[in-house]
Every structure is written in structure tokens, then in C-alpha cells.
1. List the trypsin sites (Lys or Arg not before Pro) within segment 85-176 that fall in a DSSP loop (any state other than H, G, I, E or B) and whose Cβ has at most 16 other Cβ atoms within 10 Å.
2. Over the chain, how many pairs of lysines fall under 21 Å by alpha carbon, counting only those 8 or more apart in sequence or from different chains?
3. Separation between the MET235 and ILE81 pseudo-spin-labels, each 7 Å from Cα along Cα→Cβ, expressed in nm?
4. At 1.4 Å probe radius, can you tell me the per residue accessible area of the chain in Å²?
5. Scan around LEU15 for amide H atoms under 5 Å from its own, H built in the peptide plane at 1.01 Å from N, and keep only partners 5 or more places away or cross-chain.
6. If you stretched the chain out fully between GLN188 and ALA42, how much longer would it get, using 0.36 nm times the residue separation minus the C-alpha to C-alpha distance?
7. Rounded to whole Å, give me the distance from the Cα center of segment 26-97 to that of segment 198-264.
8. Shape of segment 37-193 from its Cα gyration tensor (a ≥ b ≥ c, root eigenvalues): rounded if a/c is under 1.5, otherwise prolate when a/b > b/c, or oblate?
Amino acid sequence: MFAPDQILKANSPDLLHDLDLTTDELVYLLDLAAQVKESPAAYARALEGRNIAMLFEKPSLRTKLTFELAMKQLGGGSVFIEGPIGVREPLKDVARNLDRWTNGIVARVFRQTTVDDLARWSRVPVINALSDLYHPCQALADMQTVREHFGELRGCKLAFIGDGNNVAQSLMLTSLRLGMDFALGCPQGYLPDPDIVTQAEGLAAVTGAHLAITHDGAEAVAGAHAIYTDVWTSMGQEQEAVERRRAFRDYQVNDALFAQARPDCVFMHCLPAKRDEEVTDSIMEHERSVIFDQAENRLHAQKALLLMMLT
Ligand code: CP
Ligand code: NVA
């Protein structure tokens, strides 16, 4: 049990991308998330009197509700607003209003620069709740899920099949940082950002975890403990849907691909999923699908994060 005075203060005031969390902080957060999951009542007043503002430029089910519930269950509160940030008034004014009323800002944005700018102007911590480049809260909950399932992350392999964008980039950085091998199987033209790949290679060199990026899905999933996928068309890319369906058609997670991983391999998806595009219904409903454990862990992992960033 972490006593209130053992709650770690974050090194970085913000969580704008995965590298804002040190390895020690990640391990600490996973331990705290497990503790909060086991004994939620022990933390029922931990954030009493504290509030967050949630600014969402895009829709959300899991992220919005789990942040709201996390604050409520920790004794605090939240306010929510959906719409473009920095249009009705400059972003720097929005940030300097919010930091007078709240203890933190959680923002879901189209461009990473929006969340970076909020942090630049705000005196309270800013948490990235999904941008074009990263989804660090998702990666944290996913590490908790893999660790629950396999006991530890080091020595495990996560294979991501699909678009090398936000979710894949956060998973790549976070899994390698924690010593878990990461393989990405994606079509030509949908590779991750080269700068983020360079950071990932640096992490792999330090932790000894293996990074592979390939256009061959079967090669990516060989020996995998977890196969992960995400939608082919992310929010804001709807006009590219037809072209993307064509580009990704050989990258569906289906029974044939799943059978090429380890016999105890689990299926993961951040959700929402588009059945029979990136994944078949049979895999979504498979006995080794852990998608709802991931969704549940969003709540616990974010509670740990809020405890670390707001206390
Ligand atoms: N996985 C995830 O972030 O879900 P939402 O888009 O519903 O928040
Ligand atoms: N890649 C998806 C993730 C949704 C949680 C998107 O950006 O829409």
C-alpha cells in the first residue's frame, strides 16, 4: 500500500508524450495502478478539493469517462468542454484562464503542438489525452494489462499490426522503455514518425529490448505475447478511408494471423474498433481477447497518473 506521503511527485510537470515519464515513474505508476485497482476505497479522498479541466477537440468514450470517474472516485471533480481549442479566443488565454480555476488540464487534440502550447502557457499540469502523435494514457493502461496477464513485461513481445501513428508510437516508446520487445507490421507509407523511431532505437539500445519494423505482418507477430491493432482510419482522416482500406487490407488481425503468434498470445485493441476492417469479430470475441481489461485499466492507470501529477 502506498501511504499518501509515498505518492511520488512527477519529474516533469506535464505528460505531453511518453518520454515525459521516466522508467522509474512508469514502474511506480504500474505498481500504484495495481494498488488503486485492488483497494479503491483507500484513495477515495486522495484528491479532495482538486479539479481538472478536460478540453476535447475529438470524440471519446473511454478517455473522457475514465478521467471523469477517476477524479470523482479520488474525491475530486472535473469539468468538460468539447470543440476546437484556440478558435474562439487564443489558446494562450484559454490556458491562463484554466490554471486559475483548476489543478490540471487533460486535452485531446488534433495536433501535438496544441497540447504542447497549452503546457507552455499553463501553470498547472497538462496531460495529453490523444494527439496525432501520441496516446500515453492508453500505453500506460496497456502495460498494466500485459503485466497482469504475463506477470512481467521484460521478455514479452508486443506486435502492433496497422497504422504507425499515435497509439503505435506511444506503445513503441513505452514498451521498449520497460524492456518489452516491440514489432510493428504496417504497409508502405504508414510508418511511424522517423524522429520517434530514432528515440525508440535509443531506448532499445539502453534496455536491450528488440525493435522490429516490417511490412510483413506474419513476421511481426511471430513469437508475440500480444497482438495489438487500431483503426485504419483515425479521427480526422475520414476523407482517406477508401484509400486506407485498400492500403491496409493485408493487415487485418484475423484467425489466420492470430494463429501465427504464441499459443497463449492475447489480442489487444485500444477501441473503438471497426469490426471486419482491422480485426474480425472472431478475434474481438476470442477467449484470449483482453480488450475490456484494457478499457478497465484506463480508469486505474489514470488514477495513478492523477495522484502522481496533482498531489
Ligand atoms: N481508446 C480510447 O482512447 O478510447 P476513446 O477514444 O473512446 O477515448
Ligand atoms: N488512432 C485512433 C485512436 C483512437 C483512440 C485515432 O486517433 O482516432
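1. In loop regions of segment 85-176 (DSSP not H, G, I, E or B), the sparsely surrounded trypsin sites (Lys or Arg not before Pro) are ARG88, ARG111, ARG123, ARG154.
2. Within the chain, the lysine pair count is 12.
3. Going by the 7 Å Cα→Cβ label model, 1.7 nm.
4. Values: 13170 Å² over 311 residues.
Result: 42 Å² per residue.
5. Long-range HN contacts for LEU15: VAL126, ILE127, ASN128.
6. Full-extension gain reported as 47.7 nm.
7. Rounded to whole Å, the Cα centres lie 29 Å apart.
8. Details: a/c = 2.53, a/b = 1.29, b/c = 1.96.
Note, shape of segment 37-193 comes out oblate.
The values are calculated or read from the model by the stated rules, or taken from the named source; none is laboratory data. Remember, predicted model here, so these are calculated numbers, not experimental data. Because the Cβ atoms are built from the backbone with ideal geometry, glycine has one as well, and the counts that use them run over all protein chains shown. For accessibility, only protein heavy atoms count, side chains too; no ligands or nucleic acids. Shrake-Rupley method; radii C 1.70, N 1.55, O 1.52, S 1.80 Å.
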